[in-house]
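Structure, as structure tokens:
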Amino acid sequence: MDDGAIRVSHSSHWGAFTAWKSGDGIAVAPHPADPDPSPLLANVPQAARHAARIAQPMVRRGWLERGPGPDPMRGRDEFVPMAWDDVLDRLAAELTRVYDGPGAEAVYGGSYGWSSAGRFHHAQSQVHRFLNLMGGYIRSVNSYSAGAASVILPRVLGNFVDYARRNVPWTHLEKYTDLVVSFGGMAIKNATVGSGGTSKHLARGHMAAARQRGAEFVVIGPLRDDLPEEAGAEWLPIAPGTDTALMLGIAHTLVADGLHDRAFLDRFCEGYPVFEDYLTGRSDGVAKDAAWAAPICGMPADDIAALARRMAGRRTLVVVSQSLQRAEHGEQPIWMALVLASMLGQVGLEGGGFSYGLGSIANIGKAALDVPTPTLSQGQNPIRPFIPVARISDMLLQPGVEFDYDGRRMTYPAIKLVYWAGGNPFHHHQDLARLRRAFAAVDTLVVQDSVWTATARHADIVLPATVTLERDDIGAAAFDPTMVAMKQVLEPFGQARDDYTIFAELSRRLGIEQEFTEGRTAGEWLRHLYEPTRKAIAAREGSAPDFDQFWAAGEMTLPTAPEDGGPTRAFRLDPEGAPLPTPSGRVEIYSSTIAGFGYADCPGHPTWMAPTDGVGSAAIGKWPLQLVANQPATRLHSQLDFGGYSQDSKVRGREPIRIHPDDAAARGIAEGDVVRLFNDRGACLAGAQLSRDVRPGVVQLATGAWYDPVDAAEDNPLCVHGNPNVLTRDVGTSSLAQGCTGQLTCVQVERFAGNLPPIRAFDPPAAD
Ligand code: PGD
């Protein structure tokens, strides 16, 4: 092990690690205290020096020659390399043109994306801070992760971090829970990742310990392996997108058997009688009993009734995954799970009740920190209009058109310039052919990234950013106790610069340098951002390490708050003294506020509404397989898709698609065949893996394979690599949240018999 190389502390969204130079690249080892390190670390060694890195600033030829303006050539044009000074001069001039002309309301700076773990070189914070100093920008609200949940939960329970994510810590599940009923799973591949970093991966260990104590786990979903083997779970394979119907069937059985907790519903909840009228069919003539739910969910009615009886009378935890709400009417399963937990009388009990997202992200279920973590101030945005984040194509294609969101009637602004840093919409957004049309409509698209993502390939101005390994930073997350000194290991690749340096240089040209930099170098900023954390620790404990001590140690353990179930438990203990922040102060089983909005796609209580693009729809008659486009197991989103671990998982270079052997046989598909997935929005290739862990009628293709159009000149080209977002629908969850619905869609699959096109996604684009 002693090769003389200097080993330094570092961090990523998928774990803290040690890094050192090795040969031409780097080597990494997980944090020694991590009991279950993420396999995604194996993508890191190839990352820093891969051919997919952007080596120098580039400008699209058409933009250079014809100037700013709508252009269908975006994504099809060649690039011209340009010196930093020249490109920054041109970008400063273009920003001036737009801010002086149509103004800040013509600039979209939502720039959604996970970027990287460090808190200072955090691309979104940097771009927002810069654009705010320019006069503001059209922002986005909510996330692709939790678009529906983050709007519905505050209306019916409380803010989703404190009331629904922090309320059931892993330690309570391990100690108290008898039965975990997990809708959508608690997959280790998801729990391996936490925004800002995670020092210890705990999910698997806590589930194993709970199981050993005698806790039982049930996983309800189309994929068996959405709970780890250690949980010893029973798998109830359900048709995708039908969880609300199943929960209603369970709830009806509880009522029919008199197993619902009337006292809890009376004291702690608002509007149960209205909901019960719907449940029993008194209001609409349809009883939502187990027999009603069975054909919708594709589950035997007896199994539904048996599950209901098993959930009553013991410490039961209803967990809903984040994936569940990333679908049409995604608000409903989240709200209905809360109602089910309320009918069981379990909300606010230790290890019981309702959890949103336990197991969906690494740091949910851990103790909150009791001190602030370093955060770069983004300043103030004076521009009021915004969009729900997943409505980007709607906005770019339909300026001036009105839309609904959370009780408001809003209007899409007319955007001229889009600035993106640290995100990849050609990974995260739906219906990519439509997104291409949307980006063709603006005057200028600026992208800062370290690699040639499809988003960078569609840009007019491409600025190369460093990766974390090429700069010093501080890694910290609100629910992880280890703050990490992320130390530089490598020199920047090619001409890449830190996002901070890029914006500082732009600021100088635009006369806002002092405001942007506050006169600090990047190193001075790290010391500055460390101070609030140090002061808070010192105030609690009398003393705290100074920055140099923290940096020399490589990490620091931060104090945490007690794991007491948070405000949900406080409400249970004292409903009048610690009411919920809802209009009634109680769990809103019926919400007169939501009912008052009058949305047909989100009524006043949880409701089963058949999807347009799923079970029982016309779409499934035409495209008979349900595609689950879930989070990948071999990378974070699209990040490091070229890394060794991700590449090893590919089938003949394509993203693997899992298909049930019966569905494969019906289509003449064998293990390892390349297949074509298609519907009326698009088509992609993928590599077949036959699996009985997938429900018949369902195929699973993870997100994150880099978009690779076989002929970029076509309007709707085949993606030869396997990006499922060429197939997904670009519609909001409902008029309430307008969240992302990328998780599910209907497709057909066939064996691909043509000549296999090469994968070009990781080759730099043609340059002059
Ligand atoms: P990433 O691949 O993480 O995807 O979407 P997101 O855009 O976050 O993109 C981050 C980008 O930041 C990468 O291109 C990376 O290279 C770049 N980057 C990293 N560090 C830096 C840096 O320091 N500076 C700069 N300038 N760039 C940097 C994720 C989104 O996808 C999410 S959160 C979810 S939950 C959604 N999930 C689904 C889904 O379940 N199903 C479908 N169909 N679609 C989804 N999309 C969503």
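The values are calculated or read from the model by the stated rules, or taken from the named source; none is laboratory data. Everything numeric in this text was worked out from a predicted model, so none of it was measured. Here Cβ is always computed from backbone atoms with ideal geometry, including for glycine, and neighbour counts include all displayed protein chains. Ligands, DNA and RNA are excluded from the accessible area calculation, which covers all protein heavy atoms including side chains. Shrake-Rupley method; radii C 1.70, N 1.55, O 1.52, S 1.80 Å.
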For region 515-523, just list the computed ³J(HN,Hα) in residue order, Karplus coefficients 6.51, -1.76 and 1.60, θ = phi - 60°, integers in Hz, with x standing in for Gly and Pro.
5, 6, 8, 6, x, 9, 7, 4, x
Regarding region 618-751, what whole-number volume in Å³ per residue does the convex hull of its Cα atoms give?
120
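When the accessible area of region 618-751 is computed with all protein chains present and a 1.4 Å probe, what percentage of it is carbon and sulfur?
On the way: 1870 of 3980 Å².
Carbon plus sulfur share of accessible area: 47 percent.
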Sorting check: for 390-400, 122-132, which peptide has the highest mean count of neighbouring beta carbons within 10 Å, and how do the rest follow?
122-132, 390-400
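Give the percent of DSSP beta bridges with both residues in region 618-751 that are antiparallel, rounded to the nearest 5. Show your work: numbers first, answer last.
Details: 19 of 27 bridges.
Restricted to region 618-751, the bridges split so that about 70 percent are antiparallel.
Summing Lys, Arg as +1 and Asp, Glu as -1, what charge do residues with Cβ under 15 Å from the Cβ of I364 carry, I364 excluded? Walk me through the numbers before you get to the answer.
Working: positive: R165, R166, K189, K200, R204, K366; negative: D162, E174, D480, E563.
With Lys, Arg at +1 and Asp, Glu at -1, the neighbours total +2.
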Determine the dipole magnitude for the chain: charges of +1 sit on the beta-carbon of Lys and Arg, -1 on that of Asp and Glu, nothing else is charged, the reference point is the Cα centre, and the result goes in debye to the nearest 20.
280
For region 189-243: rounded, prolate or oblate by the Cα gyration tensor [a/c cutoff 1.5]
oblate
For A231, what is the net charge nearby, where nearby means another residue's Cβ is under 13 Å from its Cβ and Lys, Arg count +1, Asp, Glu -1?
-3
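Less than 10 Å Cβ to Cβ from I669, Lys/Arg counted +1 and Asp/Glu -1: what total charge do the surrounding residues give? Mind showing how you got there, number by number?
Details: positive: R667, R751; negative: D663, E671, D673, E750.
With Lys, Arg at +1 and Asp, Glu at -1, the neighbours total -2.
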Residue-by-residue Karplus 3J(HN,Hα) for region 389-399, coefficients 6.51, -1.76, 1.60, Hz, glycine and proline x
4, 7, 9, 4, 5, 4, 4, 5, 8, 10, x
Calculate, in nm to one decimal, what S22 and Q398 gain on full extension: separation in residues at 0.36 nm each, minus their alpha carbon distance.
130.2 nm
Orientation-averaged projected area, Cα convex hull of region 347-406 (nm²):
8.1
Step through the residues of region 153-165 one at a time and calculate ³J(HN,Hα) from phi using the Karplus curve (6.51 cos²θ - 1.76 cosθ + 1.60, θ = phi - 60°), rounding each to whole Hz and writing x for Gly and Pro.
5, x, 6, 10, 9, x, 4, 6, 6, 6, 8, 10, 9
Name the residues whose placed amide hydrogens come within less than 5 Å of the amide hydrogen of L744, ignoring near sequence neighbours (fewer than 5 apart) on the same chain.
A629
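Kindly sort F752, F79 by accessible area of their heavy atoms, largest first, with the probe set to 1.4 Å.
On the way: F752 45, F79 5 Å².
Largest to smallest exposure gives the sequence F752, F79.
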Using Cβ-Cβ distances only, list the Cys residues of the chain with no partner cysteine under 4.7 Å, sorted by number.
C269, C297, C602, C740, C746
Taking a cut-off of 16 Å between Cα atoms, list the lysines near K535, but don't count ones fewer than 8 places away on the same chain.
none
Under 17 Å by backbone N from the virtual spin label 7 Å along Cα-to-Cβ at A209, the residues of region 21-41 are 33-37
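Mind ranking 511-520, 530-539 by how tightly packed they are, going by the mean number of other C-beta atoms within 10 angstrom, highest first?
Values: 511-520: 14.0, 530-539: 16.7.
Per-residue Cβ counts within 10 Å, averaged per peptide and sorted highest first, yield 530-539, 511-520.
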Within region 311-327, what residues put their amide N at less than 16 Å from the label point 7 Å along the Cα-to-Cβ vector of S617?
324-327
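Where a ≥ b ≥ c are the square roots of the eigenvalues of the C-alpha gyration tensor, would you call region 98-235 rounded, which needs a/c under 1.5, or, failing that, prolate if a/b is larger than b/c, or oblate?
It is prolate, given that a/c is not under 1.5 and a/b is the larger ratio.
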What lysines could a cross-link reach from K189, if we take a straight Cα to Cα line under 29 Å and drop same-chain neighbours fewer than 8 places away?
K21, K175, K200, K366, K487, K650
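Let me have the 222 nm mean residue ellipticity of the chain computed from DSSP H runs of 4+ only, each contributing -39500 (n - 2.57), with the sum over all residues rounded to the nearest 500.
On the way: 27 runs with 228 residues, N = 768.
Counting only the DSSP helices, I get -8000 deg cm²/dmol.
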Would you mind checking which residues have amide H under 5 Å from F354's amide H? H placed 1.01 Å from N; only 5 or more apart, or other chain.
V318, G348
I want to check the label-to-label distance for I6 and A670. Put each point 7 Å from Cα in the C-beta direction and report it in nm to one decimal.
5.6
Across the chain, how large is the tail of the calculated P(r) beyond 46 Å, expressed as a percent of all Cα pairs?
19
I want the antiparallel fraction of DSSP beta bridges within the chain, as a percent rounded to 5.
50
Under 1.5 on a/c is rounded, so check that first for region 513-553, then, if it is not, pick prolate when a/b is larger than b/c and oblate when it is not; a ≥ b ≥ c are the square roots of the alpha carbon gyration tensor eigenvalues.
oblate
Assign unit charges at the C-beta atoms only (+1 for Lys and Arg, -1 for Asp and Glu), then state the dipole size of region 618-751 relative to its Cα centre in Debye, rounded to the nearest 20.
300
Report the extension gain between R409 and R509 in nm, rounded to one decimal, defined as 0.36 nm multiplied by the number of residues separating them, less their alpha carbon distance.
32.1 nm
Could you work out how far the C-alpha centroid of region 741-756 sits from that of region 473-530, in angstrom?
42
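Among DSSP beta bridges lying fully in region 412-509, give the percent that are antiparallel, nearest 5.
Values: 3 of 13 bridges.
That works out to approximately 25 percent antiparallel.
Where only protein heavy atoms count, and the probe is 1.4 Å, what is the accessible area per residue for the chain in Å²?
Values: 25690 Å² over 768 residues.
Per residue, the chain has an accessible area of 33 Å².
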So what's the gap between the Cα centers of region 286-318 and region 554-584, to the nearest angstrom?
31
Quick check: the distance between the Cα centres of region 329-396 and region 135-214, to the nearest angstrom?
8
